[in-house]
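Below is one structure, written out as structure tokens; the observations come after it.
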Amino acid sequence: MKVELIVPAVEENARIPNLALPILAGLSPTDVEISFTDDLLTPIDVKRDFKKVDLVGITVLSKTALRAYKIADAYRKTGIPVVLGGIHPTALPDEAKQHADSVVIGEAEGVWPRLIDDVRMGDLKPFYRQEATQNYQRFQRRGERFYLKRDIFLWMSFRCHGDVPSDANSAPSRNFSGRPTGSGPSRRSWKRFAVSPTGG
């Protein structure tokens with residue numbers, strides 16, 4: 001199975017790597033072939049730049065929504081299913097669904113492996129929502145290679161989750177969808193960042 005992951009871009013995008021899709025790469029089964037396109041680094045021509053894949057995943061911010069929808073619509077015209085996720089589809093899932101075969105509401109960490117299985121079985125659901133908190137210690141570091149060319153960015157970024165109890169009610173521990181973000185030992189996360197090839 002082949003999956004293309006896309007970060008759409010607009011002119012005002014800062015040169016900071018987006019870590020959402022490399023995380024999904026790390027969550028994908030090892031027999032899934034992942035390709036990755038950052039629209040900021042390699043602008044996508046929606047008339048001809050189509051990869052022969054089984055699924056396209058696009059992360060969407062509000063400022064990149066129109067660009068994301070344009071890319072999604074172009075891929076869907078070729079018959080390739082598209083899934084949209086991110087803060088904008090979470091806020092406006094029905095709008096996003098008009099441009100996608102499936103929409104992930106909230107964080108994708110808890111639903112991505114199941115979504116991949118559904119695609120394989122030809123049973124992709126219209127919406128997916130993470131219902132449980134996640135343990136981020138189990139993620140593979142498979143997606144780091146996407147941003148190995150560090151000199152093209154003004155800043156590098158990393159994602160780290162501290163020790164947040166799964167039943168915590170404090171505002172910082174909850175994501176946009178209102179659910180806890182999950183937990184993972186912060187010291188281990190810092191150590192991983194220190195040895196990461198993208199960690200500077």
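Just so it is clear, none of the values below were taken in a lab; they were calculated from the coordinates. All values derive from a computational prediction rather than experimental measurement. Here the Cβ is made from the backbone with ideal geometry for all residues, glycine too, and neighbour counts use every protein chain on show.
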Would you mind ranking ARG48, ARG114 by Cβ crowding within 10 Å, fewest neighbours first? ARG48, ARG114
Express in nm, to one decimal, how much length is gained between VAL46 and ASP117 on full extension, taking 0.36 nm for each residue of separation and deducting their alpha carbon distance. 22.8 nm
Would you please give the residues with an amide H less than 5 Å from that of LEU5, counting only those at least 5 places away or on a separate chain, with H modeled from the backbone geometry? SER35, PHE36, THR37, GLY57
Each label sits 7 Å from Cα toward the beta-carbon; between ASP31 and GLU11 the label points are separated, in nm, by 4.7
Entries of LYS47/LYS125; LYS77/LYS125; LYS63/LYS97; LYS47/LYS70 with Cα pairs more than 21 Å apart: LYS47/LYS125
Gain in span if fully extended, ASP94 to PHE127, counting 0.36 nm per residue against the direct Cα distance: 10.9 nm
